[in-house]
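Novice: This structure is in structure tokens; I'll ask about it shortly.
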Amino acid sequence: MSLDIIASNKSFDGWHKQYRHESALLGCEMRFAVYLPPQALTGQKVPVLYWLSGLTCTDENFMQKAGAQRIAAELGIALVAPDTSPRGEQVPDDAAYDLGKGAGFYVNATQSPWRAHYQMYDYVTRELPDLIETHFPISSRRAISGHSMGGHGALIAALREPGRYRSVSAFSPISHPSRSPWGQKALGAYLGNNPLLWQEWDTCQLLRHHDCQPLPTRVDVGLDDPFLAEQLGIETLAEIAEAKGWPLALHRHAGYDHSYFFVASVIEAHLRFHAEHLLELP
């Protein structure tokens, strides 16, 4: 699969690069960004953190706003940020911000008109990592993280893919989408109006009903997040994790909201958390 470079910027002695490629899974052209730390420039294969962004975002939000490159360069961890949905004139969309383009919800759609293109789960867990590990000096030692809708994506990927990731973290994740207005709208559109089917794409339901393989997990949330009570389901996640003995480290932060100001304030702690697992001996 060929890659076309869009942009290249030196950053903390590494390189931020933005690419486009044709996705066979999504049936459209996709864009992603990768940060290669200086350790990767010597030919050394480095571990990778995949970042999944939230509603209305693209690959650019995290790379430009989170301030993650300095610590990633120090630790020798690559960063990969895909887009949040398929794009293009042929791709179905919706007038609302929380469905369609920019709102793929990291599921594999089964319903028309979405199913032909909205296979974002397989894209971020299969097609994109295969491409990254083929074209860049990046190893199969993976971690995954994300924000809001992307936090939901990161958590379900970690739960559904035992052994694929060494750790998972999330900022303000939509943890219980089958009970969230955002989630109910998206899951209903992409998967059909059968709540039983939604359970396989809901972090709380996956933890509650399955014996998931334990994985080091960190979640951070701002207590001034306007979406905390209605959309995120954090307390339900905490209760289920405690009952199941799931290794969840939950951090609540007074005064912080849902924005990238919050992400940028805590990203160093997340990168160091992942480094504990990505950089250990195989």
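The values are calculated or read from the model by the stated rules, or taken from the named source; none is laboratory data. Here the structure is a predicted model, which is why all the values come from computation and not from measurement. Cβ placement follows ideal geometry from the backbone for every residue including glycine, while neighbour counts extend to all protein chains displayed. Remember, those area values only see protein heavy atoms, side chains included, never the ligands or the DNA or RNA. Shrake-Rupley method; radii C 1.70, N 1.55, O 1.52, S 1.80 Å.
Novice: Which one of these is buried (at least 22 other Cβ atoms within 10 Å of the Cβ), in contact with a strand residue (DSSP E or B) (Cβ under 6 Å, 6 or more places away or on another chain) and within 30 Å of F261 (Cα to Cα): S167, S175?
Specialist: Exactly one of S167, S175 is buried (at least 22 other Cβ atoms within 10 Å of the Cβ), in contact with a strand residue (DSSP E or B) (Cβ under 6 Å, 6 or more places away or on another chain) and within 30 Å of F261 (Cα to Cα), namely S167.
Novice: Output the residues belonging to the stretch 227-245 that are buried (at least 22 other Cβ atoms within 10 Å of the Cβ), part of a helix (DSSP H, G or I) and not aliphatic (A, V, I, L, M).
Specialist: Matches in the stretch 227-245: Q231 only.
Novice: Being touching a Pro at 6+ places or on another chain (Cβ under 9 Å) and either in contact (Cβ under 8 Å) with a residue 40 or more places away in the chain or in a helix (DSSP H, G or I) (or both) is the filter here; which residues of the stretch 108-132 pass it?
Specialist: W114, A116, H117, Y118, Q119, M120, Y123, V124, L128
Novice: Then there's this: Specify the residue that is surrounded by the fewest Cβ atoms within 10 Å (Cβ to Cβ); the eligible residues are those in the stretch 248-264 that are assigned to a helix (DSSP H, G or I) and in contact (Cβ under 8 Å) with a residue 12 or more places away in the chain.
Specialist: A264
Here is a yes/no grid of residues against (1) open to solvent by less than 30 Å² (accessible area, probe 1.4 Å); (2) modelled with pLDDT of 95 or more; (3) of a type outside the set (G, A, S); (4) in a loop (DSSP other than H, G, I, E, B):
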position: L49; (1), (2), (3), (4): yes, yes, yes, no
position: C57; (1), (2), (3), (4): yes, yes, yes, yes
position: Q64; (1), (2), (3), (4): no, yes, yes, no
position: A73; (1), (2), (3), (4): yes, yes, no, no
position: A81; (1), (2), (3), (4): yes, yes, no, no
position: T84; (1), (2), (3), (4): yes, yes, yes, yes
position: E89; (1), (2), (3), (4): no, yes, yes, yes
position: Y97; (1), (2), (3), (4): no, yes, yes, yes
position: F105; (1), (2), (3), (4): yes, yes, yes, yes
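Novice: What residue, of D211, D220, D224, is in contact with an Asp or Glu (Cβ under 6 Å, 6 or more places away or on another chain) and either at pLDDT 95 or above or part of a loop (DSSP other than H, G, I, E, B) (or both)?
Specialist: Answer to the check: D224.
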